[in-house]
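The values are calculated or read from the model by the stated rules, or taken from the named source; none is laboratory data. Just so it is clear, the model here is predicted, and its values are computed rather than measured. Here Cβ is always computed from backbone atoms with ideal geometry, including for glycine, and neighbour counts include all displayed protein chains. Areas reflect the complete protein model, heavy atoms only, side chains present, ligands, DNA and RNA absent. Shrake-Rupley method; radii C 1.70, N 1.55, O 1.52, S 1.80 Å.
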Amino acid sequence: MHNSPIVSIIMGSQSDYETLKYSENICAEFDIPYEIQIISAHRTPKLMFDYAESVKTKGIKVIIAGAGGAAHLPGMVSGLTLVPVLAVPVQSKALNGLDSLLSIVQMPGGIPTATFAIGQAGAVNAALFAIQILAMENDALFKKLEHWRTMKSMNALEGNQIVQEKTRKNQGKQEP
Ligand code: RP5
């Protein structure tokens, strides 16, 4: 039996999936029931209205919205629902995603839209942030996040050990 989705991942175009798949991967890794939709603020505006108005009733707790260029999807959806929107600026071809970032981050006061980094890092962090929000009411999820962070710390420490070992060898070679 499938659980109903509690995270919604939306994006303006199929081309955005190359970025938003990193949000999906994190949701899947944490066993979060999620759904994914391509909804364009300008190509399918009616769909965007209908979808944004339905999310709360469907039980969605957080929306991750990715878009590039003019990138008005996250802000428009924020204006249509009180379900929190975590926005991912997609790296555009023309301006490397700076257009996406500035378009999303400069929401006027009153319609908050959390904005993450451009591209893959933003997609990963938006999903982790969504899970952190959900974990506030879910101890098992909180523990999974703690474990995930511990693993990342261990990876960093292992990386440092490898570099230290290499440096010691290199310095040993240089001795007269
Ligand atoms: C935006 O325009 C989308 O979010 C996408 O990042 C960008 C380009 O869209 P396509 O031309 O690939 O459909 O609406």
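How would you rank 138-147, 157-166, 60-69, highest first, on the average number of other Cβ atoms within 10 Å across their residues?
Going by the mean number of other Cβ atoms within 10 Å, highest first, we get 60-69, 138-147, 157-166.
Of the heavy-atom accessible surface of the chain (probe 1.4 angstrom), what whole percent is carbon and sulfur?
57 percent
Using Cα pairs under 8 angstrom and six or more residues apart, how large is the relative contact order of the chain, in percent?
20 percent
If R0 is 45 Å, what FRET efficiency do you get for S4 and K93 from their C-beta distance, rounded to 0.05?
With R0 = 45 Å, the Cβ-Cβ based efficiency is 0.80.
Write down the Å³ per residue value for the convex hull defined by the alpha carbon atoms of region 18-176.
Expressed per residue, the convex hull around the Cα atoms of region 18-176 is 155 Å³.
Measuring with a 1.4 Å probe in the full set of protein chains, what accessible area per residue, in whole Å², belongs to the chain?
Roughly 60 Å² per residue, with all protein chains present.
Please tell me which of these pairs span more than 31 angstrom C-alpha to C-alpha: K21/K166; K21/K46; K93/K143?
Those over the limit are K21/K166; K93/K143.
How big is the gap, in Å, between the Cα center of region 44-65 and the Cα center of region 110-158?
Cα centroid to Cα centroid, the span is 22 Å.
Specify which residue in the list G59, S4, S100 is farthest towards the positive end of the charge dipole of the chain, using unit charges on the beta carbon of Lys, Arg (+1) and Asp, Glu (-1), about the Cα centre.
Projecting each Cα onto the dipole axis, the largest value belongs to S100.
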